[in-house]
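What follows is a single structure, written as structure tokens, with notes after it.
The values are calculated or read from the model by the stated rules, or taken from the named source; none is laboratory data. What you are looking at is a predicted structure, and each value in this text was computed from that prediction instead of being measured. Here the Cβ positions follow ideal geometry from the backbone for every residue, glycine too, while neighbour counts run over all protein chains shown. What goes into the accessible areas is simple: the full protein's heavy atoms, side chains included, and nothing from ligands, DNA or RNA. Shrake-Rupley method; radii C 1.70, N 1.55, O 1.52, S 1.80 Å.
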Amino acid sequence: MSSSLLFVLLVALSVLAFQLGKARAIAVVGGLRGVRDLHSLPGHYGLLTAIWCGLPALVVFALWISLQDVVITQLVLADLPANAMAQSAQALMLNDLRNVVAGNVPAEMVAESTRVAAAEYLKLQRIAQLALTVVTFAVGIAGLLVVRARIRPDLRARNAYERVIEWALFACSAVAVLTTIGIVLSIVFEATRFFNIVPITEFVFGTNWSPQMAIRADQVGSSGAFGAVPLFAGTLLISFIAMIVAVPIGLFSAIYLAEYAPLEVRKVVKPLLEVLAGVPTVVYGFFAVTTVGPALRVAGEAFRLPVAGESALAAGLVMGIMIIPFVSSLSDDMITAVPQSLRDGAYALGATRSETIRQVVLRAALPGIVGGVLLAISRAIGETMIVVMAAGLAANLTANPLEAVTTVTVQIVTLLVGDQEFDSPKTLAAFALGLVLFLVTLLLNVIALYVVRKYREQYD
Amino acid sequence: MNNTTKTAEQTQALVRKSLARRYRAERRFRLYGIAAVAAGIGFVIFLFGTIFAQGASVFRQSYVQLTIVYDPETIDPAGTRVPEELVAADDQALVRAALRERFPNVEGRSNLRELYGIVSSAASIELQRRVVADPSIIGQRETLWLLADDTVDMLLKEKVWRSAPEDERRLSDQQIGFIDALRADGTLKLRFNAAFLSNGDSRDPEQAGVRGALIGSALTLLITLLLSFPIGVGAAIYLEEFAPRNRITDVIEININNLAAVPSIVFGLLGLATFIGFFGMPRSAPLVGGFVLTLLTLPTIIIASRAALKAVPPSIREAALGMGASRLQMVGHHVLPLAIPGMLTGAIIGMARALGESAPLLMIGMVAFIVDVPSGITDPATALPVQVFLWSDLPERAFVERTSGVIIVLLLFLIVMNATAVILRNKFEKRW
Amino acid sequence: MNETAKTPPVAPSSKTIGTVTVPEPVFSCRDVDVFYGDKHAIKKVNIDIGRSQVLAMIGPSGCGKSTFLRCLNRMNDTIVGARVEGMIQLDGHDIHDKRQDVVQLRARVGMVFQKPNPFPKSIYENVAYGPRIHGLAADRAELDEIVNTSLRRAGLWEEVKDRLNNPGTSLSGGQQQRLCIARTIAVNPEVILMDEPCSALDPIATARIEDLIDELRESYAICIVTHSMQQAARVSQRTAYFHLGDLVEVGETDKIFTNPQAKLTEDYITGRFG
């Protein structure tokens, strides 16, 4: 039975359980006239029955579906005659196996052993599917019968049902935590494997980055070099350029819109600026490659400056444009959060508008604005598409914005896009970089959110 | 000298003296603000301007009108008329014959090759399709508009200049001569380009369309919406209406805020390591893309939904509880109906963000060159923003136009989504 | 500025009971109207404000007394949609005159607000701020001197002299309000406007501020809006009673409280509404 059909049948079973539960509740008090003797409405008994019928079955169903492939693959691998074969060969064969199973590749085109394994896989899959059907239905019907048997007038069906729903809601909010745990676990796990191959000190302090692994094991220079300092430097350089563009423009437009602009102007201009935040980053990347990059090169030629085709300046400038609305709307929030009484105090002393803004409003909003800028920096560091498209691949350790540099995110993408074996140091290096990226942005975010929250509390 | 000893006149004189300088500073400061706003708006206009200038022409494409003779000798010499034979036929020869007929004076292999280069290789596929669909046309003549090559298209759209030296052009002087001749009798012109929306990806710019990416994006977003909206709303309801104020909920709350600021590529890494690496889900599939984007948009939706719940006045909750409703009934019957518009707004904004997201999709392999339009959530697929990324890397001049074209399609969707969100918000804002 | 300002004539249509004029007024207001959008907040108010005396403005909430006070140093300029009509003369010059600079006006007419609003700076910087922006001190020593004197006159010096660099917000509510007064007098204004300066304070802090007002009266014209009739009676020499945007009655404080002429004034003072 296919999984989707099974799913539909399980839902149908739950609907049936609702009806049965409801009917049972009415029956135990001797018909509709007795429903006032029930603790809850008959529908609540139905819902309780349906939930205990459907929920466990669906949980089993979901777990089973998600783990089936892993388990079967392990079983098939364990059965293979040449269990001692190399990791890479095993991975290759697994790939073939998957292709045969998915029907992408005709069975005749793969090795004999793989064909046998594929047949084995398909057989296990059929058995598993059958077992799944039996198990889920058994669980569902068992739940139905148990609850139905317990239906009595004094069963607090509504409370019981609501408790289940409350747990379900809790589970929803736990997803966010699970995501974080998932991020940490998966990245840390892969990164640890990387640091077993490449010492962490080389990674953090090394200045030579060339992750190309040899195709053959005996090739010269097969080890690759994983010193990430040029990547960190490149990321910082581009982020720095971006902030030089974004902070003044963002901050001053926020000031103008919050303090000077008439309401009508503000109403039009603010959303117009925020359009920049809604533009997908890949569009900025394209803009950087096709427009800004060539324009900078032409401008560079005019001043006899050599500008690289994929200069840090182009990527940084465009990234800065992207971050403008981020800075401006956060600063705007912070500026408008400054109480009017402070402005009044300054005006009453005879301060001009700009004196009030610079010396009182901005001063009061400073923590909030700093928090916002920190968030913007974290955003710049984690930004991927613009740099993937507009920054280079070569790991230059330079502070010259006219040269090409590479960044952490660019390297993650280059290392992982395309067909890669999952276990090579090259792919694992991407996770090590991901770990650094995650930790740095997390640190910035935690500080920024803390600062901003403290700031907001001050004026609430 | 002490200010208490200063008379009012002295003080006022000092104030007056400072005024000119202070007003200059005031004007300067104000000017900075105006300059910043102008720069911001300038960027918006420039960005959209260049994209539209480069991409608007994608909706028209160069076609050549040729009279095709469906020669039985070429298509099906054996006369079997079985589809296998018809598919295997050399339809390219039909196009070439038609071109030779149009320009009878062209001779010599290299000259002929230049002539054949005017028409896209897609033209023969079109002919093949027609023959297979209706074998009875074999032996007849038909006048058709066939796709011109992308180099021709670029010339017609004036994206490349004929005044450039010949060796810097992809079209020779002779080819430009053919083009001018065709244009002169109206058999080469720009026509509406429906193929751009109905074709999948292709290595030939003139054939490449966005349908595959569009469907890929739609499937991915469908999964994302189906998962993230219920989970996000559920989480928001729990945190806002049920959660006790304790350490656990504090942790969840801080966690959600931080998650909202985690770089999207990290979610891609998570997807790669868990969904693909651990659970063995297929690479490049909208299903996995949807999972990753769900995790990515969840914080946005939770935060928006909580704000919507917060905006419902407590008096409504008290009224419901006062009537003897349970907490769940209070939420389900009274609070949620009032908060739903705000939650939908948040969901749409989250979806718009997901639609524009490409970095995590690169991680899970939705970057392959895929000609077929995906038909299910486990088929290999790509997405609109990823298509931008893929095409922007290609060397042909015509792909710049195509890329801008996808961006226009993408931006149109985003504008529609955001406009919906704004309208929704304005319509339902504070109706109590 | 030294010339004796003539008191402009009061329009005969004025319905205000009592003596609205004083000899040599600082402020002369004639037929002042204030609108907030469509709302007519102040209706044809005529009143003079005299030197070296305290004028108290009383009246029920929303009667327009604060609005009127904010006209006097054009603080209503900062409110979108507010419109002021009529003539307000400071020392014989219309404050709405194009030649009148609003910055300079506010340097001459200081204001203290209902809620203490020290800047998020140190105590010293709070007081030094006004002299700094107006360039009143030639050097650091003079600025120190101004800060010192202002804090002394505001009766705050003894309490804060050891912690001038602490933030102004670290002070108690009453101290913050005295800091705001010190901040205002540091600019050496001619008039000080006070908008319910004690409403956010406890009785002890209130008493200190009232004493302070009494001391400051010698050097400045003071105009105070208050909710408390007792306060008006304690600190002021003249009292003006506002009702729904109208100035109902003006007169010597003693007279207003013992023998009000207008029915509305009497009802308010005897507590029939408030």
Partner lysines whose C-alpha sits under 28 Å from that of residue C:255, ignoring same-chain residues fewer than 8 away, are C:6, C:15, C:43, C:44, C:65, C:263
Between residue B:146 and residues 5 or more places away or on another chain, the pairs with built amide H atoms under 5 Å apart involve B:64, B:65, B:66
Convex hull around the C-alpha positions of chain C: the volume in Å³ per residue is 130 Å³
In Å², rounded to a whole number, the accessible area per residue of the stretch A:223-455 with probe 1.4 Å is 34 Å²
Along the stretch B:308-314, Karplus-curve 3J(HN,Hα) (6.51, -1.76, 1.60; θ = phi - 60°) to the nearest Hz, with x for Gly and Pro, reads 5, 5, 4, 6, 6, x, x
With a ≥ b ≥ c from the Cα gyration tensor eigenvalues, square-rooted, and the rule rounded for a/c under 1.5, otherwise prolate when a/b > b/c and oblate otherwise, the stretch B:142-203 is oblate
So the pair-distance distribution of the stretch A:324-428, from every Cα-Cα distance in 10 Å bins, comes to percents of 13, 26, 21, 17, 13, 7, 2, 0
Checking rank on B:66-72, A:262-268, with mean other Cβ inside 10 Å and highest first, the result is B:66-72, A:262-268
What helix-only [θ] at 222 nm does chain A give? Using -39500 (n - 2.57) per DSSP H run of at least 4, over all residues, to the nearest 500, the answer is -25000 deg cm²/dmol
With bins of 10 Å, the percent of all Cα-Cα pairs of the stretch A:223-455 per bin from 0 is 8, 28, 30, 21, 10, 3, 1, 0
On complex formation of B with A, accessible surface lost, both sides summed, probe 1.4 Å, nearest 100 Å², amounts to 6500 Å²
Fraction of alpha-carbon pairs in the stretch B:165-286 farther than 16 Å apart, rounded to whole percent, equals 80 percent
If one compares the long axis through the Cα atoms of helix B:211-237 with the longest principal axis of the Cα atoms of chain B, the angle in degrees, nearest 10, works out at 20 degrees
Magnitude of the Cβ-charge dipole (Lys and Arg +1, Asp and Glu -1) of chain C about the Cα centre, nearest 20 debye, reported as 480 debye
Partner lysines whose C-alpha sits under 25 Å from that of residue A:454, ignoring same-chain residues fewer than 8 away, are B:310, C:115, C:121
Once phi for every residue in the stretch B:155-166 is put through the Karplus expression 6.51 cos²θ - 1.76 cosθ + 1.60 (θ = phi - 60°), the whole-Hz ³J(HN,Hα) values, with Gly and Pro written as x, are 5, 5, 7, 6, 8, 10, 10, 6, 6, 5, x, 4
Here the whole-number average of other chain Cβ atoms within 10 Å per Cβ of A:432-440 is 3
Of B:376, B:342, B:40, the most mobile residue in a GNM of chain B (C-alpha springs, cutoff 10 Å) is B:40
Once phi for every residue in the stretch A:113-123 is put through the Karplus expression 6.51 cos²θ - 1.76 cosθ + 1.60 (θ = phi - 60°), the whole-Hz ³J(HN,Hα) values, with Gly and Pro written as x, are 4, 5, 4, 4, 4, 5, 4, 4, 4, 5, 5
Row for chain A, column shape: gyration tensor on C-alpha, a ≥ b ≥ c, rounded if a/c < 1.5 i.e. under 1.5, prolate if a/b over b/c, else oblate; value oblate
To the nearest 10 degrees, the tilt of helix B:8-55 (Cα long axis) against the first principal axis of the alpha carbons of chain B is 30 degrees
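Could you work out, residue by residue across A:152-159, how many beta carbons of other chains sit within 10 Å of that residue's beta carbon, and then give the average as an integer?
Shielding by partners across A:152-159 averages 1.
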Rounded to the nearest whole number, the per residue volume of the convex hull around the C-alpha atoms of the protein assembly as shown in Å³ is 275 Å³
Partner aspartates and glutamates whose C-alpha sits under 20 Å from that of residue A:123, ignoring same-chain residues fewer than 8 away, are A:69, A:79, A:96, A:108, A:112
Kirkwood radius from Cα pairs of the stretch A:184-320 plugged into Stokes-Einstein at 10 °C, 1.306 mPa s, gives D in µm²/s equal to 84 µm²/s
In vacuo Debye sum over C-alpha of the stretch A:3-155, base-10 log of normalised intensity I(q)/I(0) at q = 0.11 Å⁻¹, listed in q order, is -0.58
At q = 0.10, 0.12 Å⁻¹, the log10 of I(q)/I(0) for chain B from a Debye sum over equal Cα scatterers comes to -0.89, -1.06
In whole percent, the fraction of accessible protein surface over the protein assembly as shown that belongs to carbon or sulfur atoms, probe radius 1.4 Å, stands at 60 percent
Over all pairs of different Cα atoms in the stretch B:369-432, the reciprocal of the mean inverse distance gives a Kirkwood radius in Å of 14.3 Å
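Within 10 Å of each Cβ in A:254-262, how many Cβ atoms from other chains are there, averaged over the peptide?
Mean shielding by partner chains, rounded to a whole number: 4.
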To the nearest 10 degrees, the tilt of helix A:42-79 (Cα long axis) against the first principal axis of the alpha carbons of chain A is 80 degrees
Ignoring trypsin sites (Lys or Arg not before Pro) buried by more than 10 other Cβ within 10 Å or outside DSSP loops, the longest site-free run in chain C is C:100-271
DSSP beta bridges in the protein assembly as shown: the antiparallel percent, rounded to 5, is 70 percent
The base-10 log of I(q)/I(0) that the Debye equation returns for the stretch B:211-428 at q = 0.08, 0.09, 0.10, 0.14 Å⁻¹, one scatterer per C-alpha, is -0.34, -0.42, -0.51, -0.88
Residues whose built amide H sits under 5 Å from the amide H of residue A:210, excluding neighbours closer than 5 in sequence, are A:225, A:226, A:227
Once all protein chains are kept in place, residue C:206 shows an accessible area at probe 1.4 Å, nearest 10 Å², of 20 Å²
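Rounded, prolate or oblate: which fits the stretch B:2-56, taking a ≥ b ≥ c as square roots of the Cα gyration tensor eigenvalues, rounded meaning a/c under 1.5, else prolate when a/b beats b/c?
prolate
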Rounded to the nearest whole number, the per residue volume of the convex hull around the C-alpha atoms of the stretch B:78-192 in Å³ is 128 Å³
Counting as exposed only GluC sites (Glu not before Pro) in DSSP loop states with no more than 15 other Cβ atoms inside 10 Å, the longest exposed-site-free span of chain B is B:159-428
Rounded to whole angstrom, the alpha-carbon centroid of the stretch B:156-209 lies from that of the stretch C:43-97 at a distance of 75 Å
